[in-house]
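> Attaching a single structure in structure tokens format; questions to follow.
The values are calculated or read from the model by the stated rules, or taken from the named source; none is laboratory data. Predicted model only: the values in this text are computed from it and were never measured. As a convention, Cβ positions derive from the backbone with ideal geometry for all residues, glycine included, and neighbour counts pool all protein chains shown.
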Amino acid sequence: MMGSVSYENVGPVAVVAVDNAPVNALSQAIRRGLSEAFARFKSDDTADIVVIVGAGRMFIGGADISEFGKPPQSPSLPDVISQIEACDKPVVAAIHGMALGGGLEVALGAHYRIALPGTRLGLPEVKIGLIPGAGGTQRLPRIVGIDAALRMITSGTPITEGDALETGLIDHIGDGFDIREAALAYAQLLLEHRAPPRPISGMPRATDEEGALQNWRTKLEHSLRGEVAPLVAVEAVEAAVGKSFAEGLKEERRLFQHLMDTPQRSGLVHAFFAERAVSKLREIADVAPRDIAGVGIIGGGTMGAGIATSAVLNGLAVTLVERDTEAAEKARATIARNLDAAVRRGKIGRDRRDEILADSLKTVTDYGALSDVGLVIEAVFESMDVKKSVFATLDEILPRGAILATNTSYLDVNEIAASTSRPEDVIGLHFFSPAHVMKLLEVVVADRTAPDVVATAFALAKRLGKTAVRAGVCDGFIGNRILSHYRTAADHMVLDGASPYQIDKTLTDFGFAMGPYQVSDLAGLDIGYATRQRKAADAHPRDRYPVFADALYHKGWLGQKTGHGYYIYEEGTRAGRPDPQVDQIIAQARKEAGTSPRTFTDDEIVRRYMAAMVNEGARVVEEGIAQRPLDVDVVFLYGYGFPRWRGGPMKYADMRGLDSILSDIRTFAETDDHFWSPAPLLERLVAEGRNFDSLNQR
Ligand code: NAI
């Protein structure tokens, strides 16, 4: 599958069509085909104008990802685009569906651009650690200005045809749905007006009167958490202001090549492929999902209301059951507030919001209302007894074939399943808070869960715009199990002398969205307390207990919701400031434990935190809780604020070298061999000279 480019004369118009299903990627065959088509157009005396169109559902979706990492084959895309632009007769790009990356750069090589309604145009290269490398950073600012160009290039987010028209990226929005017809009509119009060729490279340099370059630099330095490509994009766009077109292209090439060689690119490319691989599971390859007409939700608290919001926003009817009328009304009000926020962000219109509340959301107190739903998600209190009684009721009421899902964070899904008469229909659907925002869904497959129930869970995730990862049953599944391990490593560092503030700062500098103590404050210290209580029975005499965390809990300092946790939160702020009293409480805890505090370098903090994360990640893979290391990576990228440009914890370990991680663990074990023992899988891989990625292919 390499695709082809066709050339056809329609009166005075030459139509060049790119055909390379599914996304008309710019493979070598397509680049060569374009080059040949434009050579033909040049000497075609019957053609006065040329239009480029995409066959099928879009214009051009970008580079050919199967060529990634292989030696470049000519003609190169920049050369093809220069050739297109150099035509002495007008060239029109007629865009429908999508023009992304190299596809949009081809359109920028044309002299005129039109798009159909519903089109998306973008330069997503930063998402894989690159910048546009075929003239995009030089041509785009010349026609839309520095600010609009930087918005597109540094975010990688596509814009609508309406925004494209407003900024000047396109010249016209075509009528109807047929791109070929719209293109021919527009070409006729240009011919009637004797429109000349209009190469962007011949236009004046972009100017930066508003100081947009500096604005974007400042903004990005605050938000990037170590990611480099968007800042390099600013540098490339700066060349469109300060240099000639030819010099600017050279600068773009130099910066592009530099990014090609960075480890960040490798991390981001891994993330890109990993998020596509998580849903490719052999066990559901040929399995049809069950039909679910609507969704039932039990419990409308933090999670239930969030899940309901996500479902109704994505067109599913929801019946939510609460304990009493007051709680049901409260849940409805929460969901309405979430929908209001969606209206404010322009995600839905006010009419749609009203329609959802009137027609798609039932909030009730009677389980009987669930008798015709195909899937129920339980989100009641985290207690086995409460959950079992809910499942007993569901088992009685729901028709055969309906799916019973639990949103439990830690509890044993096998035990819940076994309490029903239909364990094959029971599954865990572990959403993350806030459930209408967070992209991750852990699909927890119990011992007897039927394959079509798993397939339905993945189909539901897709419907909700979420990324689903398969997990097996254990305490905390993939994410929370690993979290609880590295969180313990952090608590040990605090007991031994590190301050929670140093730990948080070091880890956010590393690229995490938040450090572990900021996470505690966000989730609520009562959650951690409850977990410690629950696990107290299994405690080992050599476990080191974070007494300081209990002390904060007993003071009622539960985090952001009480305005005080590890940090103090002034009224209305979400950024906390360190509290000297917390330092004192910790000092007292160390005294009681008889430890004399020592200092930690930032490097040691990162090493201990990451070694704990990777070591437990290896156990989770070895036990089959996660099918592959990449599943662990995706869980952390989407659910735990792991820096995307590092690819995930297992990719990070591969890039650092597994022997380095293992040697750290062995060093740490010299003073604490109870907590620190190398995962057998990690030892085996190091002995065999392999990395985690070698396990990703299965
Ligand atoms: P919550 O306390 O905010 O909400 C629980 C809701 O369930 C309450 O509104 C309560 O009235 C209702 N409820 C209790 N028993 C009921 C029954 N028999 N029938 C109908 N409704 C009933 O709790 P939250 O945080 O929403 O947690 C719910 C579940 O989700 C728990 O299993 C928790 O472990 C899990 N979870 C929580 C996350 C979080 O960040 N809060 C993240 C992921 C999972």
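> For region 494-511, check the following and say yes or no: at least one residue is part of a helix (DSSP H, G or I) and small (Gly, Ala, Ser).
Looking through region 494-511, none of the residues is part of a helix (DSSP H, G or I) and small (Gly, Ala, Ser).
> While we're looking at this one, here's another question. For region 661-682, indicate whether the set of residues that are without any contact (Cβ under 8 Å) to a residue 24 or more places away in the chain and within 31 Å of the chain's Cα centre (by Cα) is non-empty.
no
> Sticking with this one: If I go through region 531-550 residue by residue, how many of them are in a helix (DSSP H, G or I) and either touching a Phe, Trp or Tyr at 6+ places or on another chain (Cβ under 9 Å) or exposed (fewer than 15 other Cβ atoms within 10 Å of the Cβ) (or both)?
So the count comes out to 10.
> Cβ-Cβ distance below 7 Å, separation of 6 or more or different chains: which pairs start in region 543-572 with a residue that is modelled with pLDDT of 95 or more and end on one that is part of a strand (DSSP E or B)?
Qualifying pairs under 7 Å: TRP557/HIS564; GLY565/GLY559; TYR567/ARG577; TYR567/PRO578; ILE568/ARG577.
> Let me ask something else about it. Residue by residue through region 418-435, note down the ones that are over 19 Å from VAL373 (Cβ atoms) and in contact with a Lys or Arg (Cβ under 9 Å, 6 or more places away or on another chain).
ALA418, SER419, PRO423, PHE432
> So SER279 ticks every box in (1) within 30 Å of LEU695 (Cβ to Cβ); (2) in the same structural domain as LEU394 (by TED's automatic domain parsing) but one. Which box is left unticked?
All conditions are met except number (2).
> Every residue in region 287-321 that is outside any helix (DSSP H, G or I) and within 16 Å of the ligand (Cβ to nearest atom), please.
Selection gives VAL295, GLY296, ILE297, ILE298, GLY299, GLY300, GLY301, VAL318, THR319, LEU320, VAL321.
> If you take the residues in region 348-366 that are within 16 Å of the ligand (Cβ to nearest atom) and free of Cβ contacts under 8 Å to residues at least 60 places away in the same chain, which one is surrounded by the fewest Cβ atoms within 10 Å (Cβ to Cβ)?
Per the criteria, the residue is ASP366.
> Here's something else I'd like to know. Run down ALA490, ALA446, ALA459, ALA468 and say which single residue is under 28 Å from VAL312 (Cα atoms), at pLDDT 95 or above and in a helix (DSSP H, G or I).
ALA459
> Then there's this: Out of the residues in region 390-412 meeting the condition of being more than 11 Å from the ligand (Cβ to nearest atom), touching a residue at least 24 places away in the same chain (Cβ under 8 Å) and assigned to a helix (DSSP H, G or I), tell me which one is nearest to the chain's Cα centre (by Cα).
By that ranking, first place goes to ASP395.
> To continue, here is another question. Quick test for you: out of SER266, SER201, pick the one residue that is more than 21 Å from LEU140 (Cβ to Cβ) and of a type in the set (Ser, Thr, Tyr).
SER266
> Can you find a residue in region 441-453 that is near the ligand (Cβ under 10 Å from one of its atoms) and either in contact (Cβ under 8 Å) with a residue 40 or more places away in the chain or within 23 Å of the chain's Cα centre (by Cα) (or both)?
yes
> Something else: Quick one: count up the residues across region 196-216 that are surrounded by fewer than 17 Cβ atoms within 10 Å (Cβ to Cβ) and either farther than 27 Å from VAL106 by Cβ or of a type in the set (A, V, I, L, M, F, W, C) (or both).
6
> So is GLY102 crowded, with 24+ Cβ neighbours inside 10 Å, of a type in the set (Gly, Ala, Ser) and more than 19 Å from the chain's Cα centre (by Cα) or not?
The answer is yes for GLY102.
> A follow-up question, please. Any chance you could count how many residues in region 322-339 are assigned to a helix (DSSP H, G or I), in contact with a helix residue (DSSP H, G or I) (Cβ under 8 Å, 6 or more places away or on another chain) and within 15 Å of the ligand (Cβ to nearest atom)?
5
Per-residue answers, yes or no, for (1) under 31 Å from the mean Cα position of the chain (by Cα); (2) surrounded by fewer than 19 Cβ atoms within 10 Å (Cβ to Cβ):
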{"position": "ASP19", "(1), (2)": "yes, yes"}
{"position": "ALA25", "(1), (2)": "yes, no"}
{"position": "ARG40", "(1), (2)": "no, yes"}
{"position": "ALA47", "(1), (2)": "no, no"}
{"position": "PRO75", "(1), (2)": "no, yes"}
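> Sticking with this one: Based on this model, can you work out whether ASP526 counts as touching a strand residue (DSSP E or B) at 6+ places or on another chain (Cβ under 9 Å), without any contact (Cβ under 8 Å) to a residue 40 or more places away in the chain and away from the ligand (no atom under 16 Å from the Cβ)?
Against the criterion (touching a strand residue (DSSP E or B) at 6+ places or on another chain (Cβ under 9 Å), without any contact (Cβ under 8 Å) to a residue 40 or more places away in the chain and away from the ligand (no atom under 16 Å from the Cβ)), ASP526 does not qualify.
> May I ask you to verify whether GLU382 is under 21 Å from THR531 (Cα atoms), within 14 Å of the ligand (Cβ to nearest atom) and in a loop (DSSP other than H, G, I, E, B)?
Spelling it out, GLU382 is indeed under 21 Å from THR531 (Cα atoms), within 14 Å of the ligand (Cβ to nearest atom) and in a loop (DSSP other than H, G, I, E, B).
> Can you tell me which residue within region 309-347, out of those that are over 28 Å from the mean Cα position of the chain (by Cα) and of a type in the set (Ser, Thr, Tyr), is surrounded by the most Cβ atoms within 10 Å (Cβ to Cβ)?
Here the residue is THR319.
> Oh, and also: So is GLY145 of a type in the set (Gly, Ala, Ser), free of Cβ contacts under 8 Å to residues at least 40 places away in the same chain and out of contact with any strand residue (DSSP E or B) (no Cβ under 9 Å at 6 or more places or on another chain) or not?
no
> A further question follows. Considering only residues of region 257-300 that are modelled with pLDDT under 95 and under 16 Å from ILE377 (Cβ atoms), which is surrounded by the most Cβ atoms within 10 Å (Cβ to Cβ)?
Top of the filtered list is ILE292.
> If you check ARG666, ARG684, ARG656, which single one turns out to be surrounded by fewer than 23 Cβ atoms within 10 Å (Cβ to Cβ) and within 15 Å of PHE510 (Cβ to Cβ)?
ARG656
> Also: Which of the residues spanning region 413-439 are among the aliphatic types (A, V, I, L, M), in contact with a strand residue (DSSP E or B) (Cβ under 6 Å, 6 or more places away or on another chain) and within 14 Å of the ligand (Cβ to nearest atom)?
Correct list: VAL413, ILE416, LEU429.
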